[in-house]
Amino acid sequence: MELLKRLSEKDDKQLLVLRYVNKSMLNFIIKHEGLRNFIIEKIGKPDIFSVILDDRNVHIVEEIEKSEHKKIFIIYGLMHFE
(Lines give C-alpha, C1' and ligand atoms only; values in the text may rest on other atoms or scores of the structure.)
Protein backbone atom coordinates (compact mmCIF):
# COMPACT_ATOMS: atom_id res chain seq x y z
CA MET A 1 0.00 0.00 0.00
CA GLU A 2 2.82 2.41 0.79
CA LEU A 3 4.36 1.83 -2.64
CA LEU A 4 1.06 2.54 -4.40
CA LYS A 5 0.62 5.70 -2.35
CA ARG A 6 4.07 6.96 -3.26
CA LEU A 7 3.63 6.10 -6.93
CA SER A 8 0.33 7.96 -7.05
CA GLU A 9 2.19 11.10 -5.94
CA LYS A 10 4.54 11.00 -8.95
CA ASP A 11 3.92 12.92 -12.17
CA ASP A 12 4.06 11.33 -15.62
CA LYS A 13 7.70 12.23 -16.21
CA GLN A 14 8.79 10.76 -12.86
CA LEU A 15 6.84 7.56 -13.56
CA LEU A 16 8.48 7.29 -16.98
CA VAL A 17 11.93 7.56 -15.39
CA LEU A 18 11.02 4.92 -12.79
CA ARG A 19 9.74 2.61 -15.50
CA TYR A 20 12.93 3.04 -17.53
CA VAL A 21 15.17 2.35 -14.51
CA ASN A 22 13.14 -0.73 -13.53
CA LYS A 23 13.26 -2.13 -17.06
CA SER A 24 17.02 -1.54 -17.18
CA MET A 25 17.59 -3.32 -13.87
CA LEU A 26 15.36 -6.25 -14.81
CA ASN A 27 17.07 -6.65 -18.18
CA PHE A 28 20.49 -6.51 -16.50
CA ILE A 29 19.47 -9.21 -14.00
CA ILE A 30 17.99 -11.44 -16.68
CA LYS A 31 21.16 -11.22 -18.79
CA HIS A 32 23.46 -12.27 -15.93
CA GLU A 33 22.86 -15.85 -14.84
CA GLY A 34 24.99 -15.58 -11.67
CA LEU A 35 23.09 -12.53 -10.46
CA ARG A 36 19.78 -14.13 -11.42
CA ASN A 37 20.62 -17.27 -9.43
CA PHE A 38 21.72 -15.17 -6.45
CA ILE A 39 18.40 -13.31 -6.45
CA ILE A 40 16.42 -16.52 -6.79
CA GLU A 41 18.33 -17.97 -3.84
CA LYS A 42 17.70 -14.89 -1.69
CA ILE A 43 13.99 -14.45 -2.42
CA GLY A 44 13.23 -18.17 -2.56
CA LYS A 45 11.01 -17.93 -5.63
CA PRO A 46 12.67 -19.84 -8.47
CA ASP A 47 9.71 -19.38 -10.80
CA ILE A 48 9.87 -15.57 -10.90
CA PHE A 49 12.07 -15.45 -14.00
CA SER A 50 10.23 -18.28 -15.71
CA VAL A 51 7.08 -16.15 -15.48
CA ILE A 52 8.91 -13.21 -17.02
CA LEU A 53 10.57 -15.22 -19.81
CA ASP A 54 8.80 -18.52 -20.40
CA ASP A 55 5.21 -17.34 -20.00
CA ARG A 56 5.95 -14.40 -22.28
CA ASN A 57 7.35 -16.77 -24.89
CA VAL A 58 4.27 -19.02 -24.71
CA HIS A 59 2.04 -15.99 -25.32
CA ILE A 60 4.10 -14.89 -28.33
CA VAL A 61 4.06 -18.37 -29.87
CA GLU A 62 0.28 -18.62 -29.40
CA GLU A 63 -0.23 -15.29 -31.16
CA ILE A 64 1.98 -16.36 -34.07
CA GLU A 65 0.21 -19.72 -34.42
CA LYS A 66 -3.27 -18.22 -34.52
CA SER A 67 -2.31 -15.42 -36.90
CA GLU A 68 -3.85 -15.49 -40.36
CA HIS A 69 -0.76 -13.84 -41.85
CA LYS A 70 1.81 -15.90 -43.75
CA LYS A 71 4.63 -13.46 -43.09
CA ILE A 72 5.25 -12.02 -39.65
CA PHE A 73 8.02 -9.62 -38.71
CA ILE A 74 9.10 -9.79 -35.07
CA ILE A 75 11.63 -7.70 -33.23
CA TYR A 76 12.48 -9.68 -30.15
CA GLY A 77 15.25 -9.06 -27.72
CA LEU A 78 16.37 -8.60 -24.20
CA MET A 79 17.11 -4.89 -24.10
CA HIS A 80 13.90 -3.55 -25.61
CA PHE A 81 12.79 -0.04 -24.88
CA GLU A 82 10.22 2.19 -26.55
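The values are calculated or read from the model by the stated rules, or taken from the named source; none is laboratory data. This structure is a prediction, so every number in the text was calculated from the model and none was measured. Note: areas computed on protein heavy atoms with side chains; ligands, DNA, RNA excluded. Shrake-Rupley method; radii C 1.70, N 1.55, O 1.52, S 1.80 Å.
Odds and ends about this structure:
- Reachable lysines from residue 42, criterion Cα separation under 21 angstrom, eight or more residues apart if same chain: 23, 31
- Solvent-accessible surface ranking, highest first, for 1, 25 at 1.4 angstrom: 1, 25
- Candidate cross-link partners of residue 5 among the lysines, defined by an alpha-carbon separation under 20 Å and a same-chain spacing of 8 or more, comprise 13.
- In Hz, Karplus ³J(HN,Hα) per residue of segment 51-65 (6.51, -1.76, 1.60; θ = phi - 60°; x = Gly, Pro): 5, 5, 9, 5, 5, 4, 5, 4, 4, 5, 4, 4, 5, 5, 4
- For the chain, the solvent-accessible area with a 1.4 angstrom probe is 91 square angstrom per residue.
- Percent of C-alpha pairs per 5 Å bin, the chain, short to long: 3, 11, 15, 17, 17, 17, 12, 6, 3, 0
- Sequence-distant aspartates and glutamates (8 or more away, or on other chains) whose Cα lies within less than 18 Å of residue 45: 33, 54, 55
- Using a probe of 1.4 Å, the accessible surface attributed to residue 55 totals some 90 Å² when neighbouring protein chains are kept in position.
- Top of 31, 66, 42 by mean-square fluctuation, Gaussian network on the chain, Cα under 10 Å: 66
- Between 32, 69, 59, the GNM of the chain built on Cα springs shorter than 10 angstrom shows 69 fluctuating the most.
- Note on residue 33 and residue 9: the extension gain reaches 5.1 nm, defined as 0.36 nm multiplied by sequence separation minus the Cα-Cα distance.
- In degrees, nearest ten, helix 12-31 long axis to first principal axis of the chain (Cα): 70
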